[in-house]
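Some notes on the structure that comes next.
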Amino acid sequence: MPDLAPFIRGLPKTELHMHVEGSIEPEMMFALAERNGVDLKWDSPEALRAAYEFSDLKSFLDLYFEGCRVLVSERDFYDVTMAYLGRAVRDGVVRAELFLGPQSFTDRGVPMASILKGIFGAITDAKRDIGISAGLMVSAHRHRSEAEAMELLDQIMPWADQILGIGMGGAEVGNPPSKFKSFFLECRNRGFRTTIHAGEEGPASYVREAIEVLQVDRIDHGNACLSDSALTKEIADRRIALTVCPLSNVRLKVVPRLDVHPLRTMLKANLLVTVNSDDPPYFGGYVSENLIECQKALALSKAEIVRLVRNGFEAAFITSEERSQYLAAVDDFASF
Ligand code: HPA
Ligand code: ZN
């Protein structure tokens, strides 16, 4: 098989599942800590990088929330978002849909306006200066109460027209989607698109609840649906996208190794599966690395790579004109 890495890097791509607060490279983490007088429990960026050893989702989330402490001001949110978008452009990403969970910050007294204005500022400037199209998905924590999620929803309403949708992450097992039935109904009633992390560590029944009870537009991860063939067929038939994150799955021990990742099975099951990075520094790669590593480990063909990348544009929250233009650009690139 020829080396497909240059082809993968060059393809116009989407990123539909990444967390802004999970995109801070260790060097930037230290620079922000110094700027804000925040004490980190590591001595150096190298020591922090060495701490990226996770046994499960919880062990990762502990470190991730610790890292959130360095983001304090509007400028911080601008800078991390801009750093990510610059990196994404170099990776060939032309459309990025970014999660951020404000509760980690508003809890410590950071105003919602600082968070959102910083992120929107970077999205606007990045579009103008480096040509990437991006949008923000506000994410709620599932390990908190539904009342807290509702409070978050009320707090973001002044910016509703600039927000792409609402997502949900955090500790999955023990916090099933049905816990947030009223919240998701309210989000949909207020006109937001919705997604939820489901079937990462949780069972297929959580994925079923996500589509049947919450009626979300996309599932983040979704791996566990494969253990229920009727559910897999339903998700495939309804063209509900799964934003899968292969390197994250390996690092968080959702799958033992990349060569046994179910990505190819998902393609064969006709699922609208996409490849994404989740929290790139923590998991060892941006979108291209996720695709390149999967291509090698699973011996994916060029056609399968193109399918995964096309799926990203099929699943993106964009207009049908934008979708057609992006898909034509992918097909143009792939036909050379
Ligand atoms: N799962 C749940 N919550 C998260 C994740 C994840 O993979 N990444 C950041 N928050
Ligand atoms: Zn995630």
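The values are calculated or read from the model by the stated rules, or taken from the named source; none is laboratory data. Note that the structure is predicted; figures quoted are calculated from it, not measured. Glycine gets a Cβ as well: all are built from the backbone with ideal geometry, and neighbour counts include every protein chain shown. When the accessible area is computed, the model is the full protein with side chains, heavy atoms only, and any ligands, DNA or RNA have been set aside. Shrake-Rupley method; radii C 1.70, N 1.55, O 1.52, S 1.80 Å.
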message = Based on this model, can you work out whether Pro45 counts as of a type outside the set (Val, Ile, Thr) and modelled with pLDDT under 95?
response = no
query = Would a scan of the range 46-62 turn up a residue that is of a type in the set (Gly, Ala, Ser), away from ligand 2 (no atom under 16 Å from the Cβ) and not in a loop (DSSP other than H, G, I, E, B)?
reply = yes
ask   = Is one or more of the residues making up the range 110-122 open to solvent by less than 40 Å² (accessible area, probe 1.4 Å), assigned to a helix (DSSP H, G or I) and hydroxyl-bearing (Ser, Thr, Tyr)?
value = yes
ask   = What number goes with the only condition from (1) of a type in the set (A, V, I, L, M); (2) buried (at least 20 other Cβ atoms within 10 Å of the Cβ); (3) under 29 Å from Thr124 (Cα atoms) that Leu48 does not pass?
value = (3)
inquiry  = Tell me whether the range 171-193 contains one or more residues that are crowded, with 17+ Cβ neighbours inside 10 Å and in a strand (DSSP E or B).
reply    = yes
ask   = Out of the range 131-164, which residues are within 16 Å of ligand 1 (Cβ to nearest atom) and part of a strand (DSSP E or B)?
value = Leu136, Met137, Val138, Ser139, Ala140, His141
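So if I check each of Lys268, Lys302, which one is under 23 Å from Glu201 (Cα atoms), open to solvent by 10 Å² or more (accessible area, probe 1.4 Å) and away from ligand 2 (no atom under 16 Å from the Cβ)? Steps first, answer last, please.
Numbers: Lys302 fails: under 23 Å from Glu201 (Cα atoms).
Testing whether each residue is under 23 Å from Glu201 (Cα atoms), open to solvent by 10 Å² or more (accessible area, probe 1.4 Å) and away from ligand 2 (no atom under 16 Å from the Cβ) leaves just Lys268.
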query = What number goes with the only condition from (1) touching a Ser or Thr at 6+ places or on another chain (Cβ under 6 Å); (2) away from ligand 2 (no atom under 16 Å from the Cβ); (3) not in a helix (DSSP H, G or I) that Glu209 does not pass?
reply = (3)
ask   = Ser277 passes all but one of (1) of a type in the set (Gly, Ala, Ser); (2) free of Cβ contacts under 8 Å to residues at least 40 places away in the same chain; (3) more than 24 Å from Cys187 (Cα to Cα); which number fails?
value = (2)
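Does any residue of the range 224-236 turn out to be within 15 Å of ligand 1 (Cβ to nearest atom) and on the phi > 0 side of the Ramachandran plot? Don't jump to the end; show me each part of the working.
Quick first cut of the range 224-236, residues within 15 Å of ligand 1 (Cβ to nearest atom) only: 224.
Within this subset, residues satisfying the condition of being on the phi > 0 side of the Ramachandran plot are none.
So far as the range 224-236 goes, no, none of its residues is within 15 Å of ligand 1 (Cβ to nearest atom) and on the phi > 0 side of the Ramachandran plot.
Please verify whether the range 23-35 includes one or more residues that are in a helix (DSSP H, G or I) and in contact with a Gly (Cβ under 7 Å, 6 or more places away or on another chain).
Residues of the range 23-35 that are in a helix (DSSP H, G or I), as a first pass: 26-35.
Checking the rest, the ones that are also in contact with a Gly (Cβ under 7 Å, 6 or more places away or on another chain) come to 29.
Yes, the conditions are met somewhere in the range 23-35.
Select from the range 74-106 the residues that are closer than 26 Å to Ser145 by Cα and hydroxyl-bearing (Ser, Thr, Tyr) and write down the one among them that is least open to solvent (accessible area, probe 1.4 Å). Quick ask: steps written out before the conclusion?
Filtering the range 74-106 for residues closer than 26 Å to Ser145 by Cα gives 77, 97-106.
Checking which are hydroxyl-bearing (Ser, Thr, Tyr) leaves us with 104, 106.
Values: Ser104: 13, Thr106: 40 Å².
The residue in question is Ser104.
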ask   = For the range 94-109, which residues satisfy the criterion of being under 18 Å from Ile24 (Cα atoms) and more than 16 Å from ligand 2 (Cβ to nearest atom)?
value = Phe105
task = May I ask you to list the residues in the range 303-319 that are touching a residue at least 12 places away in the same chain (Cβ under 8 Å) and in a helix (DSSP H, G or I)?
result = Glu304, Ile305, Val306, Arg307, Leu308, Val309, Arg310, Asn311, Gly312, Phe313, Glu314, Ala315
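Which of the following residues is crowded, with 19+ Cβ neighbours inside 10 Å, over 25 Å from Tyr286 (Cα atoms) and within 19 Å of the chain's Cα centre (by Cα): Ala198, Ala204, Ala224, Ala210? Lay out the reasoning, then the answer.
On the way: Ala198 fails: over 25 Å from Tyr286 (Cα atoms); Ala204 fails: within 19 Å of the chain's Cα centre (by Cα); Ala224 fails: over 25 Å from Tyr286 (Cα atoms).
Result: Ala210 is the single residue among Ala198, Ala204, Ala224, Ala210 that is crowded, with 19+ Cβ neighbours inside 10 Å, over 25 Å from Tyr286 (Cα atoms) and within 19 Å of the chain's Cα centre (by Cα).
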remark   = Val94: passes all of (1) more than 16 Å from ligand 1 (Cβ to nearest atom); (2) outside any helix (DSSP H, G or I); (3) touching a Leu at 6+ places or on another chain (Cβ under 7 Å) but (3)
Hey, Val254 open to solvent by less than 50 Å² (accessible area, probe 1.4 Å) and either within 16 Å of ligand 2 (Cβ to nearest atom) or in contact with a helix residue (DSSP H, G or I) (Cβ under 8 Å, 6 or more places away or on another chain) (or both) or not = yes
